[in-house]
Amino acid sequence: MPKVGMVSLGCPKNLVDSEVMLGILAQHGLEITPRPDEAEVIIVNTCAFIEPAKQESINTILEMAQYKKFGAARKLVVAGCLVERYRREIREQIPEVDYVIGTNELEGVLAACTENSPAPPPEPPAEPYLYHEFTPRVLSTPAYSAYLKIAEGCDHPCSFCVIPQMRGAFRSRRFASVIREAENLARQGVREITIVGQDTTSYGEDLGLRDGLPALLRELGKIPDLAWVRFLYCYPNRVTDALIAAVAETPKVAKYFDIPLQHASAGVLKLMKRGSTGRQFLRLLDKIRAAIPEVALRTSFIVGFPGETEEDFKALLDFVAAAEFDHLGVFLYSNEENSRSFKLPNPVAAGTARRRQKQLMALQQRISRRKLREMVGKSLPVLVEGPAEETDLLYQGRSERQAPGIDGCILINDIEGPAPQPGDFRWATITQTGDYDLVARLEARVFARRQLPTGPLAAGALVQIQPAATISTT
Ligand code: SF4
């Protein structure tokens with residue numbers, strides 16, 4: 001059996017696909033290695049959402065191809081969204097690639113890694129793929145935290161987005177399947193679950209469920225060993241009163257909403273085929289804050305969309321100043337062939353788009369700095385993640401206001417009581433703040449104790465190969 005290495009690019013939804021592929025391989029006895037030089041098969045699970053992501057995918061494929069010359073690698077497998085968009089081009093133009101796996105062909109990974117000349121999967125694959133509670137998964141996240149994908153695909157018509165073409169129509173996992181998987185993860189030592197899907201707020205609609213996500217959150221909130229459950233990627237007009245109530249009333253659900261709004265000018269939103277207006281968004285945010293005063297709000301915007309005028313951009317700036325988000329990302333519009341917006345007139349010059357991105361981020365930096373300063377002196381539960389990335393002299397953690405990987409962190413420079421272990425939930429008092437991060441003193445008080453003994457995956461090491469240069473995308 002060959003040793004296999006995996007590079008997972010792109011968003012957490014893609015990471016779950018990588019973990020499913022690793023699970024299938026591990027179940028069949030293949031050894032997984034984080035070292036590219038010793039992997040006999042290297043899989044690159046790609047992202048192709050926007051131009052920089054495509055470029056990163058191609059660079060990583062070429063970087064990993066070098067191990068066929070100078071390492072142990074005999075086979076290079078490319079999986080994921082880039083395959084969905086450019087299957088033929090990859091086969092024709094990157095001869096080092098031995099096998100491609102689309103997003104609906106994850107189970108073909110075993111044949112791709114073990115057979116000498118595996119038969120190519122049928123085209124197009126017969127069934128859209130969606131994993132379930134019995135699908136093996138090898139977690140690549142730290143042992144205390146896991147993503148949980150509850151749905152795949154998207155039915156929204158957003159004009160800039162090619163995800164529906166890559167991931168297919170929206171489809172939900174069965175309610176019981178999601179709960180069983182969360183229980184299994186908790187049994188293995190996972191204490192924080194982050195729910196993902198292209199649009200988590202539509203969960204269950206295709207199954208005939210009403211208020212599927214609120215019901216799911218309430219049920220997940222009953223799993224004893226989980227401390228936090230959060231969900232990402234809300235579609236704004238699907239944030240219902242029932243969802244807000246479920247977040248407010250379920251103690252284990254993080255008081256956190258991630259609502260990518262994309263823009264605030266009615267004209268641009270119309271061209272984006274998302275509808276709504278900045279004023280309606282403000283009403284929604286007010287409603288959430290009225291129900292959950294301590295809530296943290298995250299959003300993301302696209303600047304440089306075709307036809308975005310200075311007036312539209314000013315409307316976006318005014319909106320951001322009024323909305324006062326806790327976390328905000330700004331992406332440059334990427335003109336993707338096959339997207340509905342590809343042929344729209346009035347493109348925005350790249351320099352103008354970059355200037356708008358900088359201006360918006362500078363505004364948010366001021367808002368973030370001020371909001372974080374208001375937290376000094378407050379005591380709040382913190383998930384300790386381990387030594388800080390920059391220095392072993394500090395610990396690093398997150399509050400429920402910070403999702404993994406995207407929202408900054410809490411640096412711990414003072415500890416009361418025993419030294420913490422990664423995955424511990426303790427109280428901490430905020431002592432200093434920066435632009436996006438906080439500094440805290442860890443208290444001896446424990447926030448959430450573990451009820452169950454930890455299982456075999458509790459020691460879960462990072463199994464991913466880390467490529468030389470990566471960027472982050474949503
Ligand atoms: S909701 Fe998100 S994934 Fe779906 S089409 Fe819009 S941007 Fe794309």
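The values are calculated or read from the model by the stated rules, or taken from the named source; none is laboratory data. Quick caveat: nothing in here was measured; it's all calculated off a predicted structure. Because the Cβ atoms are built from the backbone with ideal geometry, glycine has one as well, and the counts that use them run over all protein chains shown.
If the requirement is being more than 16 Å from the ligand (Cβ to nearest atom) and either among the β-branched types (Val, Ile, Thr) or exposed (fewer than 15 other Cβ atoms within 10 Å of the Cβ) (or both), which of these qualifies: Ile302, Ile292?
Values: Ile302 fails: more than 16 Å from the ligand (Cβ to nearest atom).
Just a single option satisfies the conditions, and that option is Ile292.
Considering only residues that are within 24 Å of Gly405 (Cβ to Cβ), in contact with a Phe, Trp or Tyr (Cβ under 9 Å, 6 or more places away or on another chain), within 16 Å of the ligand (Cβ to nearest atom) and assigned to a helix (DSSP H, G or I), which ones fall in the stretch 201-242?
Across the stretch 201-242, the qualifying residues are Thr201, Ser202, Leu213, Pro236.
Considering every residue within the stretch 266-277, establish whether at least one is small (Gly, Ala, Ser), part of a loop (DSSP other than H, G, I, E, B), at pLDDT below 95 and within 16 Å of the ligand (Cβ to nearest atom). Give the derivation first.
Of all residues in the stretch 266-277, those small (Gly, Ala, Ser) come to 266-267, 275-276.
Now narrow it down to the ones that are part of a loop (DSSP other than H, G, I, E, B): 275-276.
Subsequent filtering for residues that are at pLDDT below 95 retains 275-276.
Add one more test, that the residue is within 16 Å of the ligand (Cβ to nearest atom), and what stays is 275-276.
Looking for residues that are small (Gly, Ala, Ser), part of a loop (DSSP other than H, G, I, E, B), at pLDDT below 95 and within 16 Å of the ligand (Cβ to nearest atom), one finds at least one in the stretch 266-277, hence yes.
Six or more apart or on different chains, Cβ atoms under 6 Å: show the pairs whose first residue is in the stretch 307-319 and over 15 Å from Leu363 (Cβ atoms) and whose second is among the β-branched types (Val, Ile, Thr) and assigned to a helix (DSSP H, G or I).
Here the result reads Glu308/Val268; Asp312/Val268, each pair linking the stretch 307-319 to a residue that is among the β-branched types (Val, Ile, Thr) and assigned to a helix (DSSP H, G or I).
Does the stretch 152-180 hold any residues that are surrounded by fewer than 16 Cβ atoms within 10 Å (Cβ to Cβ) and more than 10 Å from the ligand (Cβ to nearest atom), and which are they?
Ala169, Arg174, Ala176, Arg180
Return yes or no: is Arg137 among the basic types (Lys, Arg), under 22 Å from Glu400 (Cα atoms) and away from the ligand (no atom under 16 Å from the Cβ)?
Judged against the criteria, Arg137 is not a match.
Would you please name the residue that is farthest from the chain's Cα centre (by Cα), looking only at residues in the stretch 7-35 that are in a loop (DSSP other than H, G, I, E, B) and crowded, with 21+ Cβ neighbours inside 10 Å? Spell out how you get there, then give the answer.
So in the stretch 7-35, the residues in a loop (DSSP other than H, G, I, E, B) come out as 9-11, 28-30, 33-35.
Next, only the ones that are crowded, with 21+ Cβ neighbours inside 10 Å stay: 9-11.
Details: Leu9: 11, Gly10: 8, Cys11: 5 Å.
Residue satisfying both the conditions and the ranking: Leu9.
Of all residues in the stretch 387-439, count the ones that are part of a loop (DSSP other than H, G, I, E, B) and either closer than 19 Å to Val295 by Cα or under 25 Å from the mean Cα position of the chain (by Cα) (or both). Break it down stepwise before answering.
Restricting attention to the stretch 387-439, the residues satisfying the condition of being part of a loop (DSSP other than H, G, I, E, B) are 388-394, 399-409, 416-424, 434-437.
This time we only want the ones that are either closer than 19 Å to Val295 by Cα or under 25 Å from the mean Cα position of the chain (by Cα) (or both), so: 388-390, 399-409, 421-424, 434-437.
Going through the stretch 387-439 one residue at a time, the tally reaches 22.
Are any of the residues in the stretch 111-127 within 16 Å of the ligand (Cβ to nearest atom), modelled with pLDDT under 95 and closer than 30 Å to Leu62 by Cβ? Show your work before the answer.
Of the residues in the stretch 111-127, the ones within 16 Å of the ligand (Cβ to nearest atom) are none.
No, the conditions are met nowhere in the stretch 111-127.
Can you tell me which residue in the stretch 410-432 is nearest to Leu328 (Cα to Cα), limited to those that are modelled with pLDDT of 95 or more and among the hydrophobic types (A, V, I, L, M, F, W, C)?
Ile410
Considering only residues of the stretch 185-200 that are away from the ligand (no atom under 16 Å from the Cβ) and part of a helix (DSSP H, G or I), which is surrounded by the most Cβ atoms within 10 Å (Cβ to Cβ)? Break it down stepwise before answering.
Going residue by residue through the stretch 185-200, those that are away from the ligand (no atom under 16 Å from the Cβ) are 185-194.
Those left that are additionally part of a helix (DSSP H, G or I): 185-187.
On the way: Leu185: 24, Ala186: 22, Arg187: 17.
So the residue we want is Leu185.
Report whether or not Gln262 is at positive phi and either of a type in the set (Val, Ile, Thr) or touching a Lys or Arg at 6+ places or on another chain (Cβ under 8 Å) (or both). First the steps, then the outcome.
Numbers: at positive phi: yes; either of a type in the set (Val, Ile, Thr) or touching a Lys or Arg at 6+ places or on another chain (Cβ under 8 Å) (or both): yes.
When the stated conditions are applied, Gln262 passes them.
Looking only at residues in the stretch 243-260 that are in contact with an Asp or Glu (Cβ under 8 Å, 6 or more places away or on another chain) and not in a helix (DSSP H, G or I), which one is nearest to the ligand (Cβ to nearest atom)?
Tyr256
Out of Asp286, Asp326, I need the residue that is buried (at least 20 other Cβ atoms within 10 Å of the Cβ), within 19 Å of Ile367 (Cβ to Cβ) and charged (D, E, K, R). Which one?
Step by step, each of Asp286, Asp326 is checked, and only Asp326 is buried (at least 20 other Cβ atoms within 10 Å of the Cβ), within 19 Å of Ile367 (Cβ to Cβ) and charged (D, E, K, R).
Leu148 is checked against (1) crowded, with 21+ Cβ neighbours inside 10 Å; (2) touching a residue at least 60 places away in the same chain (Cβ under 8 Å); (3) within 10 Å of the ligand (Cβ to nearest atom); (4) outside any helix (DSSP H, G or I) and fails just one. What number does that condition carry?
Of the numbered conditions (1) crowded, with 21+ Cβ neighbours inside 10 Å; (2) touching a residue at least 60 places away in the same chain (Cβ under 8 Å); (3) within 10 Å of the ligand (Cβ to nearest atom); (4) outside any helix (DSSP H, G or I), the odd one out for Leu148 is (3).
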